[in-house]
Amino acid sequence: MSKKIVLLLVASLCLHLRATTYYVAKAGNDANPGTEAQPWLSMPKAISVAGAGDTVWVKQGIYDSVNANSVLMFNAHDGTAADPIVFASADGWNTVLHTSVNLYKKHIVLSGFKVLYDSAVYVQSDSIDRAVRIEYDSCAVRGCEIVESPAHSLPVGSVGILFGSEGYGGNVIDSNTIHGFGHDWNPAPHGDGIYAHSTAHSQFTRNVVYDCMRIGIQVYPYCDSNLIAYNTVYGATDYGLYFYG
């Protein structure tokens, strides 16, 4: 084996060894080092520090956004395909993100949280509210409960997971439970569980989507080469599944 290849392997191993596990807890402090014994208090602190390969465990409690626009922004660092940045609930759906969540970097994984979106509090500047918005490639949302509370509360369209309209692809939406989105507008209801706009090579699998006021899962328009499989969709007033590409 050449010396150059050995050096590359050593460098790659060192990058993996530098991966760090951090913790966030309601009893924490953002001046702490983010260890399990001395966790941080806020999600924005964790987002600002965690880099490729790192994992952030968030313990039980309700975490409100501190952003002036009432949005929790994952916009500090990119992960990589081999080393994504993982933000995971340590206590399942007992860890609640009471906010709108925006994934604005690549290779970010959101796992196991309850995202409780309150349109009366977190109304966005445009006509479609969203609990989770994906604005980059190769992100994943896994095992989350995503719910609007109170359901159908305002005369505005709302979406559980919304893809931006810039052609982002390679995202994975897997094993989530999404429900309660939309409003019974006159003349037609509006609100989707998942609305994936202009995406390719993304995956929508094993999700349960129900009680949404328009469409359960919408992969439309300008979409290509996506995988949609093993989902359970019911209680939509317009379409359960709607595809166009």
Quiz item: Using a 1.4 angstrom probe with every protein chain in place, what is the largest-first accessible-area order of HIS190, HIS201, HIS77?
Solution: HIS201, HIS77, HIS190
Self-check item: Pairwise label distance in nanometres, ARG206 with SER149, each label 7 Å out on the Cα-Cβ vector
Solution: 2.5 nm
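May I ask you to give the percent of accessible area on the range 55-118 that is carbon plus sulfur, with a probe radius of 1.4 Å? Please report the intermediate quantities before stating the final value.
Working: 1230 of 2510 Å².
Whole-percent figure for carbon plus sulfur exposure: 49.
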Quiz item: How do ARG130, ARG206 rank by accessible surface area computed with a 1.4 Å probe, from largest to smallest?
Solution: ARG206, ARG130
Quiz item: In square angstrom, what is the accessible area per residue of the range 156-245 with a 1.4 angstrom probe?
Solution: 43 Å²
Practice problem: First select every other residue whose beta carbon is under 11 angstrom from the beta carbon of CYS212; then total the charges, Lys and Arg +1, Asp and Glu -1. | Solution: -3
Quiz item: What are the residues whose amide H is under 5 Å from the amide H of THR177, where those residues sit 5 or more places off or on another chain and H is modelled from the backbone?
Solution: CYS144, GLU145, ILE146, VAL208
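May I ask for the net charge around LEU103, where only other residues with Cβ less than 15 Å from the Cβ of LEU103 are counted and Lys, Arg are +1 while Asp, Glu are -1? Could you put the intermediate results ahead of the total?
Working: positive: LYS105, LYS106, ARG130, ARG133, ARG142; negative: ASP78, GLU135, ASP137, GLU166, ASP174.
Summing Lys and Arg as +1 and Asp and Glu as -1 gives 0.
Provide TYR220, TYR230 ordered by accessible surface of protein heavy atoms (probe 1.4 Å), highest first.
Values: TYR220 70, TYR230 180 Å².
Listed by decreasing accessible area, they come as TYR230, TYR220.
Between THR237 and ALA82, what length in nm is gained on full extension when 0.36 nm per residue of separation is reduced by their alpha carbon distance?
Working: separation 155, 0.36 × 155 = 55.80 nm, distance 4.05 nm.
Residue separation times 0.36 nm, minus the Cα-Cα distance, leaves 51.7 nm.
Set the Förster radius R0 to 51 Å, insert the Cβ-Cβ distance between ASN94 and TYR222 as r into 1/(1 + (r/R0)^6), and round the FRET efficiency to 0.05. Working shown, then result.
Working: r = 39 Å, r/R0 = 0.76.
Step by step, r from the Cβ atoms, then E = 0.85.
The values are calculated or read from the model by the stated rules, or taken from the named source; none is laboratory data. Predicted model, so just to flag it, every value in this text is computed and none were measured. In this analysis, Cβ positions are derived from the backbone assuming ideal geometry, glycine residues included, and neighbour counts consider all displayed protein chains. Heavy atoms of the whole protein, side chains included, go into the accessibility calculation; ligands, DNA and RNA do not. Shrake-Rupley method; radii C 1.70, N 1.55, O 1.52, S 1.80 Å.
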